[in-house]
Amino acid sequence: MTSIKSLCSTSAIALLALAVSPMATAQEEESRLDTVTVSAQRLEESLQDVPLSVSQVSGERLDVISSGGADIRFLSARVPSVIAESSFGRAFPRFYIRGIGNTDFDLNASQPVSLVYDDVPYENPILKGYPVFDIEDIEVLRGPQGTLFGRNTPGGIIKFDSVAPTDEFDAYLDVTYGSYNTAEIEGAVGGRVHEALAVRLSGLYQYRDDYVDNAFTGYDDVYEGFQEYAVRGQALFTPFDNDFEALFNVHARSNRSSARLFRANIIDPGTNGVGSNFDRDTVYFDGQNGLSQNAWGSTITLTKSLSDAIDATYIFSFETADVESVGDIDGGFGAAFLGAGNFGPGFIPFPSESGGRVNNIDQYTNELRLAYDNGGRLTGQAGFFLFDETVDITSTSFDTLAPGNPLNGEAVRTGDTESSALFASLTYDLTERLSVQAGARYTQEDKTFSVARTLSPFGAGSLGPIEGSTGDDFISWDLTAMYDLNEDTNVYGRVARGFRGPSIQGRLVFGDLVSIADTESVISYEAGVKSDILPNVRGSASVFYYTLEDQQLTIVGGLNNTVALFNADEGRGYGFEAEVEAAPIENLLLTGGLSYNNTEILDDVLIAPGCGAPCTVLDPEVYDSNNNFLGYNISGNPFPNSPEWIANFTARYAIPFREGEFFAYTDWAYKGDTNFFLYESVEFSEDGYWEGGLRAGYASDAGWEASVFARNITDVEVLEGAIDFNNLTGFVNEPRIVGVSFSIHN
């Protein structure tokens, strides 16, 4: 631990030394780097002036890493300390920041990382997968948040800001085509249509052919395709000459795709990663596999200057969605009890085919915020936030071995979450160089639920309804100090306390119990430095340490195929992030990012079941006084899906030619060794790996561009997750996609 702390400190000190060196201050040439502007603190300011560990993705970099039919998971490892994965495919992303996340696949799972779209937090994971298109920028705010943005969050925020209507006419069209008939069309058009009205309409279409064969049924090209539509319409109304604006936003999506492909026994016993039985283009399914999803929503944002010093903002939003997903969970066909030749690939102890359906989810939010800035030393914001979510979910199971795969298990549940909060944040400039910031938030959160089983796959009969409620109130806060060493360099320190309210898990199809996890709280310490090291080199570094009290954890799968919530006494994490951007010579731009996250579950003895599959568990076994096996002690293990090392870099080089330029852009991301479950085993993990892409072409000064591209250019094949309750089943990353792209911007 000492060596890691030394490494964290050294990284910050080294950057600071470069920043204040005479070489840095002596340079007077004009920078080739553009100023990066963010709204991480609810106001437009330079990224270098924000006293927080923040990353931004925008412009060409965003276009490149999101190409080739990618969904929102393209952010995984492309930003320091950020991982994204999903066992639902395109519908249900799970995000992790600094190791804090949730592996729960439940359709109403609580997530400690908040996704904020156009100033509206999307709570349910089904909402969080909204497609990324016509985006101004994406900002990642690490660490506990809540004194500035809607919902409280212990892990951090990923913030998406759409391109807003403008006074000038603006339009673009991007078209790509690639492997597996992957097609993507994205475009937008907008401008001022009346002296009091500006509009913008944008849309996205993504498509890929099915390309995976089902060797059990003999049908070719059955799985892994998708067809997705998404639209957004905006109207900016400025009816009076009195600093009043009303922005209306309506958006919708439709997603038809394969559910996640769980591939039986693609992991070899005694090893990890993709094994000898893996064939990307073939599965052996006797169950259903498919996903359909619809969502739409609307947002009204009203802003008004009440005086020269006070602005008011009100945001109302409504989001609704439905989704249905069914998957062949065992990843193969048949079952071992049917005899040799009637199951495979590998050992299939019993069939498992299940699904989930969000019949309806409705989310309402209201936020009123006042901002104060009279040009003096004191600035601030204060407001209140109201959140209301109702959800109706059906969980199902099917008899795979019976003709027609009839329904043999069903459970229904409803839930309601209400949250209200008061928040405020003040910043005061003590001197021209030193400023301090303090924020606080009071949150009251209440949840009610009702669950009932109407049909059991094991003949257990109906159960319930089981009804109950839970809730909590909490005060979260943050304190920050920032000091400008010179006009190019600043340092900051931040202490923050955040929380996640109680969570409920009630999937009664395969069990009889409802589990509830108590409130999880976090206190985080962070220090950082940001500097324009040279006129053409910009960097930032941060070190952090946090502790989670009553850490919420989820047992997923395992020996008893359990999905249950529980609390660990404590969780701990520490590490660093560093980013650099450089333009060492004309027409060459380089960026790089690196993060280290050391996480650990801390408890005296914390028991979790091991795998149902024949895996090699590395944790100590725990027995009771009668020598009955209870499970494995996971205290001391890292958080699941939390690699220690994440790295990324990009390089762009251009050669001017006539009225434009030839260019090449490459991007690479490294995801370190990753453990998938609470327990540690040899099989259910993946070694660190690099994945990269390339785009090359010609960009005209007239606004058009033609290029070729490749995603996952080395065609690396790796596990992104696993199913552990009956065999060595896994799911894998996206294949290599090679294609062409054409775009035109006015």
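Each value in this text was obtained by applying a stated rule to the coordinates, not by laboratory testing. Values in this document were obtained by computation on a predicted structure and should not be read as measured data. Quick reminder, even Gly has a Cβ in these numbers, built from the backbone with ideal geometry, and neighbours come from all protein chains shown.
Cβ crowding within 10 Å ranks Glu659, Glu123 as Glu659, Glu123, fewest other Cβ atoms first. What FRET efficiency would be calculated for the residue pair Arg658, Gln227, taking the C-beta separation as r and a Förster radius of 56 Å, to the nearest 0.05? Here the calculated transfer efficiency is 0.90.
Taking θ as phi - 60° and the Karplus parameters 6.51, -1.76 and 1.60, the scalar couplings of segment 625-633 work out to 5, 9, 6, 8, 6, 9, x, 10, 7 Hz in sequence order, x denoting glycine and proline. Stretching the chain fully between Val175 and Thr547 yields a gain of 129.3 nm (0.36 nm per residue, less the alpha carbon separation).
Order these by the 10 Å Cβ neighbour count, fewest first: Val64, Val274, Val79. Least to most surrounded, the residues fall as Val274, Val64, Val79.
Against the chain, whose longest principal axis is taken from its Cα atoms, helix 2-19 shows a tilt of about 30°.
Would you mind getting the Kirkwood hydrodynamic radius of the chain from its Cα pairs, rounded to one decimal in Å?
That comes to 27.0 Å for the chain.
In a reduced charge model with +1 at each Lys and Arg Cβ and -1 at each Asp and Glu Cβ, the chain shows a dipole moment near 420 debye about its Cα centre. Each Cα pair under 8 Å and six or more residues apart adds its separation to the average, and for the chain the resulting relative contact order is 12 percent.
Return the subset of Lys128/Lys671; Lys304/Lys447; Lys304/Lys530; Lys128/Lys304 for which the Cα-Cα distance in this structure is over 28 Å, preserving the input order.
Lys304/Lys447; Lys304/Lys530; Lys128/Lys304
When Rg and the Kirkwood Rh are both derived from Cα coordinates, the Rg/Rh ratio for segment 593-673 amounts to 1.38.
From least to most packed, judged by other beta carbons within 10 angstrom and beginning with the fewest, Glu691, Glu586 follow the order Glu586, Glu691.
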